[in-house]
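Participant: Quick one: the structure is below, and I'll ask about it shortly.
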Amino acid sequence: MSQVVALRKVRAEKGAELMPLEQQPLAPHEVRVRIRAASVCGTDKHIYNWDAWAQSRIKPPMTFGHEGCGDVVEVGLAVQRVAPGDFVSLETHVPCGTCRLCQTGSQHICQRLKILGVDTAGVFAEEVIVPEICCWKNPKDMDTRIASIQEPFGNAVYCVDKAKVGARSVAIMGDGPIACFAAGIAKAMGAADITVTGLSSARLEIATKMGATRVVDAGKQDPVEIIKAATDGDGADIVIEMAGVAATVKQGFAALRKGGTFVAFGIPSGDVTFDYTNAIVFKEATVLGINGRLMFDTWYQTRALLTSGLVDPTPVITHEMPLTDYAKAFDIINDPASTAGKIVLRPA
């Protein structure tokens, strides 16, 4: 076996190291993918910075990164769905295939779920080995940058689709890449009015390019007041919380109309306290928790949105650089004044 280069979390401290590893053999249901591009996620930031979440979850040494695409170069003896030469993007969820949830159409919340680049070796590398089920075949001519961001784009697709936004007013709390994707998807799915709130003027500008009706700088304006003013005082039909911050969770419920739908996607770092009775019970609010993507219904929707031209995600992809510049990429992401959306890394 030859060697491959991978970005590794080697020690229980901030940072990572690019190093050679021995190429591993395939199991019968596994696929070897030569990575073309991998995009950086907030989870990767947690791992690189070695924060409390990473310390509780990650077991160094390991290769991280989970948003990627590449070419199939070898398949195990039992693989049937993909073949060498296929251009694939990677589903992050690695299901067991045998638990009740897997057998009833909910592989994405499998009882024994593993996450690519968190629990298994990830995509910040020249190649990755994944189970066959994690491979999603792309059109041969798909833009590599777009292929690499389908996993997070699919998160936004699932959120927006499950909320049934057609002809509704939508408030998206947060201005990160997935929130910006959600603005474009909500527009494509027929939302009547889209408000995006956040703290970065650069990312709010991206949200406008993606299709937001209005954006709100939450550091200078009251998002709840503006959302209510835009909805005749009622509040938004649908609130999609994507910031994962206690303040935006509270603002989201306050901005939601009675009988509205609250989509919970953002992941707060700790417990969130809010007025449960008035925010949910007396409002008769519907609360939808979202984890990842439906395997594989969301992927079919993602393909349709991207290949039909209904959504152009490229305004969100602000940086592209070689994997060897990983430290620069994480410096950009860690900069509080950063204007970055998605950063795409290329191994070669």
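Participant: Apply 1/(1 + (r/R0)^6) to the Cβ-Cβ distance of D119 and A229, taking R0 = 35 Å, and write down the FRET efficiency to the nearest 0.05. Before the final figure, lay out each step's value.
Facilitator: Details: r = 45 Å, r/R0 = 1.29.
Using R0 = 35 Å, I get an efficiency of 0.20.
Participant: Modelling each spin label as a point 7 Å along the Cα-to-Cβ direction, I'd like the T277/D335 distance in nm, to one decimal.
Facilitator: The modelled label-to-label distance comes out at 4.9 nm.
Participant: Follow-up question, since we're still on this one. At 222 nm, what helix-only mean residue ellipticity would the chain give, in deg cm²/dmol to the nearest 500, using -39500 (n - 2.57) for each DSSP H run of four or more? Don't skip to the end; give the middle numbers.
Facilitator: Details: 11 runs with 96 residues, N = 348.
Result for the chain, helices only: -7500 deg cm²/dmol.
Participant: If you don't mind, there's one more thing I want to ask. Among H29, H93, H66, which comes first, second and so on when ranked by fewest other beta-carbon atoms within 10 Å?
Facilitator: H29, H93, H66
Participant: Convert 25 °C to kelvin, take the viscosity as 0.890 mPa s, use the Kirkwood radius over C-alpha pairs of the range 152-289 as Rh, and evaluate the Stokes-Einstein diffusion coefficient in µm²/s, rounded to a whole number.
Facilitator: Rounded, D is 172 µm²/s.
Participant: Further question: In what order do V157, V4, V10 fall by count of nearby beta-carbon atoms within 10 Å, going from fewest to most?
Facilitator: Lowest count first: V10, V4, V157.
Participant: Treating the beta-carbon of each Lys and Arg as +1 and of each Asp and Glu as -1, no other charges, what is the dipole magnitude of the chain about its Cα centre, to the nearest 20 debye?
Facilitator: On the way: 35 positive and 38 negative charges, 81 e Å.
About 380 debye.
Participant: Across 10 Å bins from 0, what is the distribution of all Cα-Cα pair distances for the range 1-102, in whole percents?
Facilitator: Histogramming the range 1-102 at 10 Å steps yields 13, 36, 36, 14, 0 percent.
Participant: Separate question: Using DSSP to call loops (not H, G, I, E or B), can you name the chymotrypsin sites (Phe, Trp or Tyr not before Pro) in the range 194-303 whose Cβ has at most 15 other Cβ atoms within 10 angstrom? Can you show the working numbers first?
Facilitator: Values: sites: F253, F262, F265, F274, Y276, F282, F296, W299, Y300; in loops: F265, F274, F282, F296.
Of the chymotrypsin sites (Phe, Trp or Tyr not before Pro), the ones in loops of the range 194-303 whose Cβ has at most 15 other Cβ atoms within 10 Å are F274, F282.
Participant: List the longest stretch of the chain that has no exposed loop site; here a site is one of the trypsin sites (Lys or Arg not before Pro) assigned by DSSP to anything other than H, G, I, E or B, with at most 16 other Cβ within 10 Å.
Facilitator: Values: sites that count: R11, K14, R81, R112, K140, K164, K220.
That gives 221-348 as the longest site-free run.
Participant: Relative contact order, percent, of the range 152-289 when contacts are C-alpha pairs under 8 Å separated by at least 6 residues?
Facilitator: With pairs under 8 Å counted, the relative contact order is 21 percent.
Participant: Further question: Could you check the spin-label model distance between Q80 and T104? Points 7 Å from the Cα along Cα→Cβ, value in nm.
Facilitator: In this crude label model, Q80 to T104 measures out at 2.6 nm.
Participant: Sort M321, M173 so the one with the fewest other Cβ atoms within 10 Å of its own Cβ comes first. The partial results should precede the final answer.
Facilitator: Details: M321 14, M173 33.
Fewest-to-most ranking of M321, M173: M321, M173.
Participant: What is the gain in length, in nm to one decimal, between A167 and C96 on full extension, counting 0.36 nm per residue of separation less the C-alpha to C-alpha distance?
Facilitator: So the chain would gain 21.7 nm between A167 and C96.
Participant: What FRET efficiency would be calculated for the residue pair M321, N49, taking the C-beta separation as r and a Förster radius of 22 Å, to the nearest 0.05? Intermediate results must be reported in sequence, preceding the final value.
Facilitator: Numbers: r = 19 Å, r/R0 = 0.86.
After rounding to 0.05, the efficiency reads 0.70.
Participant: Right, here's the next one. Tell me, Kirkwood radius of the range 158-218 from alpha-carbon pair distances, in Å?
Facilitator: 10.8
Participant: If you consider only alpha-carbon coordinates, what radius of gyration and Dmax does the chain have, in Å?
Facilitator: Reported Rg and Dmax, both Å: 20.1, 66.
Participant: Pulled fully out, how much extra length does the chain show between Y300 and A202, if you take 0.36 nm times their separation in residues and subtract their Cα-Cα distance?
Facilitator: 32.2 nm
Participant: Nearest 0.05, what FRET efficiency do A27 and Q3 give at R0 = 22 Å with Cβ-Cβ as r?
Facilitator: About 0.65, to the nearest 0.05.
Only the coordinates and a few stated rules stand behind these numbers; no lab work does. All values derive from a computational prediction rather than experimental measurement. Virtual Cβ from ideal backbone geometry, glycine too; neighbours counted across all protein chains shown.
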